[in-house]
């Protein structure tokens, strides 16, 4: 809401705060001022000048010489090119040494031999309007030498106040003033209307109303409400014999100061009341209202209207229309129709002031894509009490600026009269919410300036409940005790409440185990030198589609993390970051059952590219390879499922890993993670070149994605195992393993058959080639045997190795090299 | 048999002695002496033992021989290692090894800056009795709006432009739905935090991205008041932003809290010259007393229980804390950016 500082002060004569102070006060009350605009900016040094005499320029046909009184007692000569300059007229004058808003500094100049001591300015030169043709004429009785800003009413500051959606009453100057004026409500007064005839004003204020619950007629018009659930009240008032034309300067200035555009005196009068009191009003040309009858009803299917913005709009029965006897003349609460618009030819005006149900106005505004000052207020709620005041004030402004005559009565249709809600306020409840005690009298003194009424004598008691009457303009946001408690806290001042920490009971909700699992994974991967990435959940494809996506590229919710992470690899490589080690923990989405929410699953994704180790002078660079990926994956799995999940070759994995981005991986180097039941829960491998857009120097990109368990496994309990004080016995064996046999199977067998004293088993070399038979590889393993309670002797270790030899041979056809069978 | 045993035993004793001697050798000369003592072909002590193999039964000889060979090779390995170590030591003594060269380090890993902020915030609130709770990112209109006292036809529902899914559900526009989900499941006393992603239909610019992190807090119990809200959040602010931090509460509006507040802080920062200055007021979160309608919707008696709630944007806090100029940097995931927040 843009408010004019001067307008606020006109509404509250006692208000003395500067614009800065007002902005600060509004922020303290919960309505921060987003911008403060000094309307006089750029006009410094410019004054009101009176042209005393106009002469021909001796050397130029189109130029003239003006004697200007700039108010400092000296008359100066100014050369001017404008066609119309009136002797005795008042004009904006830029003296020598001043600067125009455009930045031009004025110097004494000779123009065709005549000296010019400054310049008379057009609207455009002052940055005030588009008119560059003539010198701007100033209205009113102004003294030469007055600052131009003051002369134009521009010694004003426009405040852009952020109004929260619960406070429609602040969408008016009066509402804002009520919050900040000393004494609040009691300190408010409506400003005089310049040029108004006091007798006419008095007459208008005494205009009566003719009331009906569905229909009423008077002063030649009829109003009927056929959709009372959509329209709580409709008031019509006729002003006859107006002369439509531009508004006087004061009205234009006031509207502009509040950010509105002047149109003509009748429309401007309605906008003036909108901005002053918050009531959207509409003015119809009465002659274009057929049968002089207003019918408030839902539009018929197929009805259309051309609105004031020139657009042809199709209406539906969901929309409320203001109609005459035959057709819609306005979209209720949103915009009027072009056909019944007030223009230069209008003589009689029908004013509308109404109360529409907010929800449907919002729906209509959305359906039409047409948000207006009126719809903005109606969908938040206008003051149901202030309709007559608003329509009469508009009539007075019209009379004062466009002439015409108000006969009355107001034709008012209202299903039921408005009555103020009464809300009970218990001081005990105030204390239990706010933590500070207030007496009844204190509460009343905090609420009354805001317009709430607390009948009965204010009590010092802290027990007796107050009965608080809510004024119409607050009826939209105050209907419960807690709404009043908020007002108490706000007016008391949030800063006035103490902030000393008291005792509290700890919560009963356990820390979510999935967060703990995420913490553990992050710690582990960070320790492994990976950086955590964040990408958003949007994807160009997926199972869950967005209804109103930001772009087609973000039209779905992702199923996997890897595609976006690969995008981050491309991004980094394109910027010369060659070593990319990223991981992400994020939510993925699959479609849910009909009507239910999508199924969400937290995934871990990771990508690797570049060197295994940071470059160092002591060793040559080596690229990341599959063993780095598999090692990370094994660490991840160990963190995730405490040894119950396994990392296996993808070739061994069962199908059904549809939730995992298997298609991104090269088939020959691909790993799978399976859970305790053998179900695939993760994939990893080398990313196929076709899925990446990389610079030519790029190496292999490795990726992995694992679904976290929905309910994390219980953490493994750590138990101490006594350390043996007896020396271990190591045996190195070279196994001849057929290439078709997974080494993992061999190792499993050895662990199984190694006996209770097999303490450790390590693969320390792998060799194929000369000396090893075709189709086999030599796998060197070191076995360590150790007993907790004694030194093992060679015989028993040998016996165990012999046993392993036999089992390997028997079960798998694996021989130990260098041993005779 | 006994003989065999004793020879193997003797060899193993020699092994132990020899390894000790290797470790203790302080110079290349001393090391050479150890080598000759134990491995010397003529006078060496192992050779000495091997000469006695002839005394054994033929079938026992290979075992002793094998053991002797194992020990020999083990000893040779130890000698080589020690020699290398001695050489390196002498090189560095004589200045040949330039220790100003960089050491060998691993990769620098790190949490994302937003995670880092979330973790720091969680840590502080953990100290104030809060635990973490979570809820789905795809939500129903009920949890995102209606249960939070936000009728769908009220303009307040427009404040955040919501992303809808085909089929009627939506992406949560704030983490507040978790409040309701937690209250439905648990009886007070409740003190929870709900960190998580939220989504709004905003275009990408320096201060907006259509998805961002939020951290919700909720405390519900008997006797919780506005003073507790102020105290808890002021305490948090001082712990997070530093003891000299000033905290300001301004009235605001959220449909699901009443009274509602915006919380601002003014930090003390140290300038380059060591002097201190106060920042402007920085808006860090929204907060308020839980609206009775929200308690009621979640099945909690609002006459008996009261509560407070707050919500903040860890991404935005990161901007303020680290001086990051643009939210989109969080999503670019440039390695050079991420490394600045690494955990070393």
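The values are calculated or read from the model by the stated rules, or taken from the named source; none is laboratory data. These numbers were taken from a predicted model, which means no experiment stands behind them. Here the Cβ is made from the backbone with ideal geometry for all residues, glycine too, and neighbour counts use every protein chain on show.
When residue A:470 is tested against (1) more than 7 Å from every other protein chain (Cβ to nearest Cβ); (2) out of contact with any helix residue (DSSP H, G or I) (no Cβ under 8 Å at 6 or more places or on another chain); (3) crowded, with 20+ Cβ neighbours inside 10 Å; (4) closer than 30 Å to residue B:339 by Cβ, only condition (4) is not met. Exactly one residue out of A:775, A:813 is loosely packed, with under 12 Cβ neighbours inside 10 Å and closer than 17 Å to residue A:737 by Cα: that is A:775. Taking the numbered list (1) crowded, with 19+ Cβ neighbours inside 10 Å; (2) at the interface with chain B (Cβ under 8 Å from one of its Cβ atoms); (3) touching a residue at least 40 places away in the same chain (Cβ under 8 Å); (4) assigned to a helix (DSSP H, G or I) in turn, residue A:514 passes all entries but (1). Candidates in the range B:158-186 are the residues that are within 26 Å of residue B:233 (Cα to Cα) and without any contact (Cβ under 8 Å) to a residue 40 or more places away in the chain; of these, the one that is surrounded by the most Cβ atoms within 10 Å (Cβ to Cβ) is B:172.
Contact map, the range B:309-327: residues that are free of Cβ contacts under 8 Å to residues at least 24 places away in the same chain paired with residues that are surrounded by fewer than 18 Cβ atoms within 10 Å (Cβ to Cβ) and part of a helix (DSSP H, G or I), Cβ distance under 9 Å, separation 6+ or inter-chain. No pairs are found.
Taking helices (runs of 4 or more DSSP H) as the structural unit, those lying wholly within the range B:1-53 and holding at least 2 residues that are at negative phi, modelled with pLDDT under 80 and loosely packed, with under 13 Cβ neighbours inside 10 Å correspond to B:2-24. All conditions in (1) without any contact (Cβ under 8 Å) to a residue 24 or more places away in the chain; (2) part of a helix (DSSP H, G or I); (3) at the interface with another protein chain (Cβ under 8 Å from one of its Cβ atoms); (4) closer than 25 Å to residue B:137 by Cα hold for residue A:571, with the sole exception of (4).
Evaluated against (1) surrounded by 13 or more Cβ atoms within 10 Å (Cβ to Cβ); (2) more than 25 Å from residue B:8 (Cα to Cα); (3) within 14 Å of chain A (Cβ to nearest Cβ), residue B:74 falls short on exactly one condition, (2).
Give me the pairs: first residue in the range A:760-782 and touching a residue at least 24 places away in the same chain (Cβ under 8 Å), second residue part of a loop (DSSP other than H, G, I, E, B), beta-carbon distance under 6 Å, and six or more apart or on different chains, which are they? Qualifying pairs under 6 Å: A:775/A:739; A:777/A:739; A:777/A:768; A:778/A:772. So how many residues does the range B:117-133 have that are modelled with pLDDT of 95 or more and either farther than 25 Å from residue B:230 by Cα or in a loop (DSSP other than H, G, I, E, B) (or both)? Within the range B:117-133, residues that are modelled with pLDDT of 95 or more and either farther than 25 Å from residue B:230 by Cα or in a loop (DSSP other than H, G, I, E, B) (or both) number 2.
Quick check on this structure: which one of B:328, B:304 is surrounded by fewer than 19 Cβ atoms within 10 Å (Cβ to Cβ), assigned by TED's automatic domain parsing to the domain that holds residue B:181, at pLDDT 95 or above and over 30 Å from residue A:528 (Cα atoms)? So the residue among B:328, B:304 that is surrounded by fewer than 19 Cβ atoms within 10 Å (Cβ to Cβ), assigned by TED's automatic domain parsing to the domain that holds residue B:181, at pLDDT 95 or above and over 30 Å from residue A:528 (Cα atoms) is B:304. Can residue B:173 be described as within 7 Å of chain A (Cβ to nearest Cβ) and either closer than 27 Å to residue A:534 by Cβ or under 27 Å from the mean Cα position of the chain (by Cα) (or both)? In short, no.
This table checks each residue for (1) crowded, with 18+ Cβ neighbours inside 10 Å; (2) over 27 Å from the mean Cα position of the chain (by Cα); (3) under 17 Å from residue B:194 (Cβ atoms).
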{"site": "B:233", "(1), (2), (3)": "yes, no, yes"}
{"site": "B:237", "(1), (2), (3)": "yes, no, no"}
{"site": "B:260", "(1), (2), (3)": "yes, yes, no"}
{"site": "B:266", "(1), (2), (3)": "no, yes, no"}
{"site": "B:292", "(1), (2), (3)": "yes, yes, no"}
{"site": "B:311", "(1), (2), (3)": "yes, no, yes"}
{"site": "B:315", "(1), (2), (3)": "yes, no, yes"}
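Within the range A:700-713, is even one residue exposed (fewer than 14 other Cβ atoms within 10 Å of the Cβ) and farther than 16 Å from residue A:604 by Cα? No, because not a single residue in the range A:700-713 is exposed (fewer than 14 other Cβ atoms within 10 Å of the Cβ) and farther than 16 Å from residue A:604 by Cα.
Hey, could you check the range B:125-138 for residues that are more than 7 Å from every other protein chain (Cβ to nearest Cβ) and in contact with a helix residue (DSSP H, G or I) (Cβ under 7 Å, 6 or more places away or on another chain) and say which is nearest to residue A:359 (Cα to Cα)? Result: B:135.
Filter the range B:240-261 for residues that are more than 8 Å from chain A (Cβ to nearest Cβ) and under 30 Å from residue A:429 (Cα atoms) and give the result. The answer is B:246, B:254, B:256, B:257. Selection over the range A:136-146 of residues that are within 14 Å of residue A:49 (Cβ to Cβ) and either free of Cβ contacts under 8 Å to residues at least 40 places away in the same chain or out of contact with any strand residue (DSSP E or B) (no Cβ under 6 Å at 6 or more places or on another chain) (or both) gives a count of 2.
Of all residues in the range A:442-467, which are in a helix (DSSP H, G or I) and surrounded by fewer than 17 Cβ atoms within 10 Å (Cβ to Cβ)? Of everything in the range A:442-467, just one residue is in a helix (DSSP H, G or I) and surrounded by fewer than 17 Cβ atoms within 10 Å (Cβ to Cβ), namely A:445.
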